[in-house]
Amino acid sequence: MTEPQEDPAADEVAIRRLFGDGFVDWVLAVDDEPIRTPEQRSVATIVHRASRGVVPKDVPVPAYLRLSHLAMIKPDTGKTWLSELRLASGGTEPTLPEPPDDNVLAALHVWAAENFGGLLLGEGGFSLGWGSQSRENMTRAIAGDPTLPFTIESEPTDGLLHITSAGSAGGLQLAILGPGIVAAAFRHASIRRVATPTLDDLLDELPTALNTARELYTGKSVQTIALAGLSGVLLPEEKQEISAPWGRVRITLESDNRHVDSLRDLTSMSLPDGSQLVSRGTGDLTVETSVPWVSEFAQERAEGEWPSGISSTSYSHLDRRVQDVRLAFALAMDDPHLPPLLPTWAKVENPIADAAGSTMTARLRQRMPTRLSVEQAEEWERWIAVLDGLALENLGHASQRLLRAITERQDPVDALVDSVIVWESIFGTHSEITFRVCASLARLLCQTLEERLAFMKKAKGVYSMRSKIVHGASDVRMERISESRDVAVQVAIAALRTVLRDRPDLLAFTDSGKRSEHIMLE
């Protein structure tokens with residue numbers, strides 16, 4: 001390990017920027033000493049050169065493979081090149097606990113320790129450790145396990161059709177099941193611990209990951225981690241996480257964004273004190289929760305048939321959580337011109353496969369990042385708790401339409417129409433709709449007769465404006481439309497706040513007309 005060292009300090013800075021602190025601290029065997037040894041500097045240079053396609057002369061792989069070749073096995077030692085580099089930096093061999101009685105788990109331990117550097121680098125488990133004895137031992141242990149779907153006679157290339165409740169389907173070979181379980185355990189360790197996981201963290205997750213695989217093969221539903229990105233709003237420095245009954249909303253980590261590179265744009269805004277707020281297209285915040293996951297396995301696909309009974313149900317659960325978070329934000333902020341809290345991506349972690357499923361949603365408009373105060377973040381947290389378990393579906397499209405009006409609609413005409421639909425989702429009827437909706441809202445939101453009469457007049461004015469614009473009136477001034485839009489949004493937010501926080505009994509009515517009758521006749 002004596003590659004040329006033109007600027008070792010710059011090499012370390014470069015690889016930290018490319019691969020993150022967790023991987024670099026591991027491969028350089030960094031301790032508490034701020035000064036790097038000559039060996040550490042040499043390894044930093046080798047890794048940096050490899051990242052640019054310049055590989056050590058004794059590595060027999062093409063340069064275009066860049067750094068991925070370092071996760072391959074060095075034939076004469078049986079270790080990966082990354083492990084060799086760590087040892088050259090002054091690191092030590094990993095110390096494994098006493099082998100567990102479970103043969104599969106013991107084999108997973110050994111393979112995970114051997115390929116830990118590749119997992120830190122971001123290499124998927126599928127691509128790691130080909131040809132190693134530990135991978136062969138792991139494959140054989142899985143084939144001989146009676147709780148898993150292969151047999152001792154199975155070849156590494158033998159596979160099953162795997163259909164998942166994340167909407168994906170494909171082949172699952174014996175050879176990739178073990179690495180998939182380890183990779184899933186590594187992802188879970190990364191998410192739960194926020195910081196880069198250690199080998200001990202990974203080993204702690206492996207029993208759960210293996211048990212999850214076994215349960216899936218017996219047809220059981222399991223829980224898996226699901227994540228979704230939100231962009232445009234920043235939490236205060238003093239509160240970097242919002243708790244929820246079902247998980248949390250936290251600042252986005254670099255590990256969250258590995259699968260969404262196409263959204264890596266930045267939007268910044270200068271503040272009066274000269275500082276800047278920066279918003280990332282990948283998301284400023286991450287919704288983290290658990291969702292049900294089911295897998296179906298078959299030897300082969302039936303002719304002209306594709307199992308679909310479980311398709312995308314995991315994402316449906318995640319979508320509901322994201323909607324609740326966005327709705328809670330709208331209800332917590334007392335502002336008709338809310339900063340756009342926009343979903344950017346979503347993914348459900350596959351508990352037995354190498355890669356996580358992910359979907360992306362297009363950014364709907366330019367984001368102006370907004371930093372919340374501690375008080376605003378706490379109010380948001382309270383509203384997330386309020387919404388948990390409520391039958392929001394009984395309000396029809398109220399939640400979706402409100403979110404469209406305040407975060408997606410740039411045209412005030414569209415925002416006005418969406419906001420009035422929120423009114424009607426709560427109290428709409430088939431006859432005398434203007435009077436019944438306005439009267440019901442007045443009854444819900446106002447205490448005195450005078451207040452209700454004034455509200456009725458204002459609400460009817462909004463209805464009149466909506467009627468004009470949807471019927472093509474050309475003499476309506478845009479400022480009047482904007483004024484009506486603001487009133488419609490404010491009323492929609494106030495109505496949902498009151499129903500969800502103070503009158504959840506109204507959610508028992510699935511029909512908005514009956515809900516209107518109930519509130520008017522109280």
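Phi-derived couplings, Karplus 6.51 cos²θ - 1.76 cosθ + 1.60 at θ = phi - 60°, listed residue by residue for region 445-457: 9, 10, 9, 10, 4, 4, 5, 5, 5, 5, 5, 4, 4 Hz, with x used for Gly and Pro. Straight distance only, please: which lysines reach the Cα of LYS347 with their own Cα at less than 30 Å, same-chain residues fewer than 8 apart left out? Excluding near neighbours in sequence, the set is LYS220, LYS239. The overall shape of region 149-225 is prolate: from the C-alpha gyration tensor, with semi-axes ordered a ≥ b ≥ c, the ratio a/c is 1.5 or greater and a/b exceeds b/c. Three semi-axes describe the equivalent ellipsoid of region 68-191; taken as square roots of 5 times the Cα gyration tensor eigenvalues and ordered largest first, they are 25, 17, 14 Å.
Distance between the C-alpha centres of region 142-176 and region 448-522: 56 Å, rounded to the whole angstrom.
So which trypsin sites (Lys or Arg not before Pro) in region 434-522 end up in coil per DSSP with only 10 or fewer other C-beta atoms within 10 Å?
Here the sparse-neighbourhood loop sites are ARG477.
Would you rank SER165, SER512 by solvent-accessible area, highest first, keeping every protein chain in place and using a 1.4 Å probe? Could you put the intermediate results ahead of the total?
Working: SER165 0, SER512 30 Å².
Putting SER165, SER512 in descending order of accessible area: SER512, SER165.
Using a 1.4 Å probe and counting only protein heavy atoms, arrange GLU136, GLU349, GLU237, GLU424 so the residue with the most accessible area comes first.
Numbers: GLU136 85, GLU349 5, GLU237 130, GLU424 40 Å².
Largest accessible area first, the residues go GLU237, GLU136, GLU424, GLU349.
The values are calculated or read from the model by the stated rules, or taken from the named source; none is laboratory data. Keep in mind it's a predicted model, so treat the numbers as computed, not measured. A quick note on method: Cβ atoms are made from the backbone with ideal geometry, for glycine too, and the neighbour counts reach across all protein chains shown. Side chains are part of the model used for accessible areas, which takes the heavy atoms of the whole protein and leaves out ligands, DNA and RNA. Shrake-Rupley method; radii C 1.70, N 1.55, O 1.52, S 1.80 Å.
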